[in-house]
1. Write out, first by first residue and then by second, each pair whose Cβ atoms fall under 9 Å of each other, whose residues are 6+ apart or on separate chains, and whose first residue, in region 34-46, is touching a residue at least 60 places away in the same chain (Cβ under 8 Å) and of a type outside the set (S, T, N, Q) while the second is surrounded by 21 or more Cβ atoms within 10 Å (Cβ to Cβ) and in a loop (DSSP other than H, G, I, E, B).
2. Out of curiosity, is Leu93 touching a strand residue (DSSP E or B) at 6+ places or on another chain (Cβ under 7 Å), surrounded by 15 or more Cβ atoms within 10 Å (Cβ to Cβ) and modelled with pLDDT under 95?
3. Please determine whether any residue of region 77-87 is at pLDDT below 95 and exposed (fewer than 13 other Cβ atoms within 10 Å of the Cβ).
4. Looking at (1) closer than 21 Å to Ala123 by Cβ; (2) more than 13 Å from the chain's Cα centre (by Cα), which is the one condition that is false for Phe56?
5. Yes or no: Val26 surrounded by 16 or more Cβ atoms within 10 Å (Cβ to Cβ), of a type outside the set (D, E, K, R), at pLDDT below 95 and within 21 Å of Phe97 (Cα to Cα)?
6. Which pairs do you get when a residue that is more than 15 Å from Glu126 (Cα to Cα), found in region 92-107, comes within reach of a residue that is acidic (Asp, Glu) and in a loop (DSSP other than H, G, I, E, B), reach meaning Cβ atoms under 9 angstrom, with the pair 6+ apart or on two chains?
7. Among the listed residues His21, His9, identify the single one that is at pLDDT 55 or above, over 13 Å from Val109 (Cβ atoms), surrounded by 15 or more Cβ atoms within 10 Å (Cβ to Cβ) and out of contact with any helix residue (DSSP H, G or I) (no Cβ under 8 Å at 6 or more places or on another chain).
8. Would you be able to tell me the number of residues in region 70-106 that are among the basic types (Lys, Arg), in contact with a Lys or Arg (Cβ under 7 Å, 6 or more places away or on another chain) and assigned to a helix (DSSP H, G or I)?
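The values are calculated or read from the model by the stated rules, or taken from the named source; none is laboratory data. The model shown is predicted, which means the values in this text are computed figures rather than measured ones. For neighbour counting, all protein chains shown are included, and Cβ atoms are generated from backbone atoms with ideal geometry for every residue, glycine included.
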Amino acid sequence: MKLSSTENHATSHANDAGTFHSTCFVCGHENAQGIRLQLRREGRSVKGEVLIDSRFEGYTDVVHGGVIASLLDAAMVHSVRGLCGKDPFTCRLDLRFYHETRTGQRLVVVGHVKSRRGKLCWAEGELFSGETRCAKAEGVFRLV
């Protein structure tokens with residue numbers, strides 16, 4: 001699938017991590033107004049590429065920080081669900097923003113599970129524009 005700022009779809013892959021909430025704002029394939037992020041599994045991690053258009057900007061040509069947080073949360077949730085097989089609930093989300101993230105550029109989001117203890121999982125996510133790490137998140141998730 002070709003990336004398009006008007007369609008705002010993520011790339012599709014044979015090893016798709018799937019979407020488990022079809023109307024989700026971030027990853028729901030049935031949400032015409034959403035981002036439609038598609039993630040693929042890579043071991044304990046998930047990875048996806050997306051092009052964010054101006055509908056999701058804060059400052060002119062800059063992706064809104066809340067959208068970045070949502071992308072990172074979705075990547076971590078999918079990594080936890082892929083490894084544990086249960087729906088995770090985000091208990092804590094810690095973010096670090098390193099560089100502004102521009103709209104209209106191909107972004108790569110990665111999430112992976114760091115550890116699990118009982119019903120709690122710890123995960124990490126990163127957002128890149130090219131080789132530049134724009135943001136990083138760490139989260140704690142409860143399996144439900």
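1. Leu37/Ala10; Leu37/Val26; Leu37/Cys27; Leu39/Ala10; Leu39/Ala17; Leu39/Cys27; Val46/Ala17; Val46/Leu39
2. So Leu93 fails the test.
3. Yes, region 77-87 has at least one match.
4. Only one criterion is unmet by Phe56, namely (1).
5. Answer is yes for this residue.
6. Close Cβ pairs satisfying both conditions: Arg102/Asp61; Thr103/Asp53; Thr103/Asp61; Gly104/Asp53; Gly104/Asp61.
7. Going through His21, His9 in turn, the sole match is His21.
8. 0
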